[in-house]
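Participant: Next up is a structure, given as structure tokens.
The values are calculated or read from the model by the stated rules, or taken from the named source; none is laboratory data. The structure displayed is predicted, hence computed values, not measured ones. Every residue, glycine as well, gets a Cβ built from its backbone with ideal geometry; the counts of neighbours run over all protein chains shown. SASA here: full protein model, heavy atoms, side chains in, ligands and nucleic acids out. Shrake-Rupley method; radii C 1.70, N 1.55, O 1.52, S 1.80 Å.
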Amino acid sequence: MSQSIAVIGTGYVGLVTGVCFAASGNAVECVDIDQEKVERFSRGETIIYEPGLDMLLERALRERRITFTTDLVGAVLRSRIIFLCLPTPPDEDGSADLSYILGASEEVGRVLANAPDAGYKVIVDKSTVPVGTATLVEERIRSTAPDADFDVVSNPEFLREGLAVDDFLRPERVVVGTDAERAAEVMRDLYEPFLRSGNPLYIVSVRSAEVAKYAANSFVAMRISFINEMANFCERVGADVDEVRVAIGSDSRIGPKYLFPGIGYGGSCFPKDVKAILHTADEHGVQLEVIRAVEEVNHRQADVFVGKITGHYNGALAGRRFAVWGLAFKANTDDTRESPAFRVIDRLLEQGAEVVAYDPEATTGARRTYGDRITYATDMYAALNGAAALVVATEWNEFRSPDFARIASALAEPLIFDGRNLYDSDDLQKRGFTYYSVGRVPVGAGIRSGE
Ligand code: NAD
């Protein structure tokens, strides 16, 4: 059955949520405080780079299934289901900042208090929030609208940026946290079109749903830190982490995903969510030792990588120019939040190096951070001219099979520092490159002492 839905907060998650629910026939009103975003979305501009999203937005607008507005009151009044897709950024102490969520809850409470005939509402928390937040949301709404008819549900979002539309339309599972059968029924009905291939919808307790999101992100972050630690070990003992990765990844107890060594995880979720669960655990007097180690390994990983660059030049990076391929925190997104590429660039700049960067989608985000402290190339080869070496920081497909002869002739010497293991060491050695990667023994004639 078609539902009326309000989505409060139209960022990555909110926009994808709104557009995908509209695509399955619902009437969606997306609310944001950012007037410019509202106007651009209304014109069909997605702003973010997310494969498949433009087309779905355009169709939803054409079919009048989606609107964008700053009017929270109207959207709440007209909707049965109200999604909170608001930011939960880390506070200074690492805890999740709940001010957006609780502020919006108060607004919803005021709307419901003034509309005694508004009918039953399901308030859905889709943001990633610490355990216990749904209770706080309910209390905030009840404090102004004690008689309102509503349930608060936790419905954590597991989409991956770059694959967001696909993940949303074909979720591996949907998790709904609620004790209220009425809310569970609404949510089952809403998600039914997305689960026709038989993937499950789990109805669990609110607290379990809240914890599940942090557990999932911490676990994936753990795999990344695990393989990075293994990579550092492999380098020291003369093994090849990619061979080890393949060997262990084919074990069905382990599996191949998220076992790619690199320069550490980043993005808007893993770093903040790992911090937040550690903070919540501290508050409850619980030691999450594995997760704490995950974070520490991740912090070190960019340093380990830049250490190879510094080591190659015996510490003399000042005045050298480096071509950096990749600014986004991973491929297929323009998101640069907590990008490990930035950690690498920061360390190069700190040591007096110059950076010329290229990214197919993420230059705008980088400009916000670096302004004119680095130079931005308009194509990947232009970045190389006059650079001492190439540094690969994001695993974009277009970097995978480059014209190596062109790279060698543009650089001062044929030298690549590859933070994503995109290339074959033997192949690059044959082509005359000096090649440093992650968890593999460096190759080439130019390797200097001290390695
Ligand atoms: P975002 O920063 O991209 O978007 C948040 C949006 O909320 C912005 O457009 C902002 O203008 C708007 N906003 C702020 N205050 C508002 C208010 N009072 N009323 C209306 N709109 C308001 O955030 P995001 O990446 O979409 O993440 C949202 C939540 O989802 C976070 O908790 C995040 O951890 C979680 N999450 C994110 C992802 C992801 O890949 N980005 C995946 C799963 C879960």
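Participant: Pairing the Cα long axis of helix 340-350 with the longest principal axis of the chain, what angle in degrees results, from 0 to 90 and rounded to the nearest 10?
Facilitator: That works out to roughly 50 degrees.
Participant: Taking all protein chains together and a probe of 1.4 Å, list R170, R80 from the most accessible to the least accessible.
Facilitator: On the way: R170 145, R80 80 Å².
Listed by decreasing accessible area, they come as R170, R80.
Participant: Still on this model: Which of the aspartates and glutamates could a cross-linker bridge to K126, judged by Cα under 12 Å and excluding same-chain residues fewer than eight apart?
Facilitator: Excluding near neighbours in sequence, the set is E157, E210.
Participant: For region 363-411, with all protein chains present and a 1.4 Å probe, just round the carbon and sulfur fraction of the accessible area to a whole percent.
Facilitator: 44 percent
Participant: Sticking with this one: So for region 329-451, averaging the separation of alpha carbon pairs under 8 Å that are six or more residues apart and normalising by length, what relative contact order in percent results? Mind showing how you got there, number by number?
Facilitator: Working: 168 pairs, mean separation 22.4, N = 123.
Normalised by residue count, the contact order of region 329-451 is 18 percent.
Participant: Taking only DSSP H segments of four or more residues, each worth -39500 (n - 2.57), what value at 222 nm results for the chain once the sum is divided by all its residues, to the nearest 500 deg cm²/dmol?
Facilitator: Values: 16 runs with 192 residues, N = 451.
Dividing the helical sum by the residues of the chain leaves -13000 deg cm²/dmol.
Participant: Just to be sure I understand the model, the point goes 7 Å from the Cα along the line to the Cβ. What's the resulting R367 to S409 distance in nm?
Facilitator: 3.1 nm
Participant: Give, in nm to one decimal, the length gained when the segment between E283 and D427 is fully stretched (0.36 nm per residue of separation minus the Cα-Cα distance). Write down the numbers at each step before the final one.
Facilitator: On the way: separation 144, 0.36 × 144 = 51.84 nm, distance 5.17 nm.
46.7 nm is the gain from fully extending E283 to D427.
Participant: Hey, another quick one. Normalised by the residues of region 217-299, what does the relative contact order come to in percent, with Cα pairs under 8 Å and at least six apart?
Facilitator: The normalised contact order for region 217-299 reaches 39 percent.
Participant: Additional query: Provide, in order from the shortest bin, the percent of all Cα-Cα pairs of region 236-334 in each 10 Å bin, continuing until the bin that contains the maximum pair distance.
Facilitator: 11, 30, 36, 19, 4
Participant: Also: Ignoring ligands and nucleic acids, what accessible area does S268 show with a 1.4 Å probe (Å², nearest 10)?
Facilitator: 20 Å²
Participant: Among bridges DSSP assigns within region 4-204, what percent are antiparallel (round to 5)? Show your work: numbers first, answer last.
Facilitator: Details: 2 of 28 bridges.
Roughly 5 percent of the beta bridges in region 4-204 run antiparallel, per DSSP.
Participant: Continuing with the same structure: For the chain, what's the relative contact order in percent, using C-alpha pairs closer than 8 Å and at least 6 residues apart?
Facilitator: Numbers: 884 pairs, mean separation 52.3, N = 451.
It comes to 12 percent, rounded to a whole number.
Participant: Please calculate how many Å² of accessible area the chain carries per residue, with a 1.4 Å probe and no DNA, RNA or ligand atoms counted.
Facilitator: Details: 19690 Å² over 451 residues.
Here the per-residue accessible area is 44 Å².
Participant: Same structure again: Give the lysines whose C-alpha is closer than 22 Å to that of K257, dropping any in the same chain fewer than 8 places away, or say none.
Facilitator: K213, K272, K330
Participant: In addition: Taking one equal scatterer on every alpha-carbon of the chain, how large is log10 of I(q)/I(0) by Debye at q = 0.06, 0.07, 0.10, 0.11 1/Å?
Facilitator: -0.30, -0.40, -0.78, -0.91
Participant: Rounded if a/c is under 1.5, else prolate if a/b is larger than b/c, else oblate: which is region 4-204, with a ≥ b ≥ c the root eigenvalues of its Cα gyration tensor?
Facilitator: Numbers: a/c = 1.33, a/b = 1.23, b/c = 1.08.
Taking the square roots of the gyration eigenvalues as a ≥ b ≥ c, region 4-204 is rounded.
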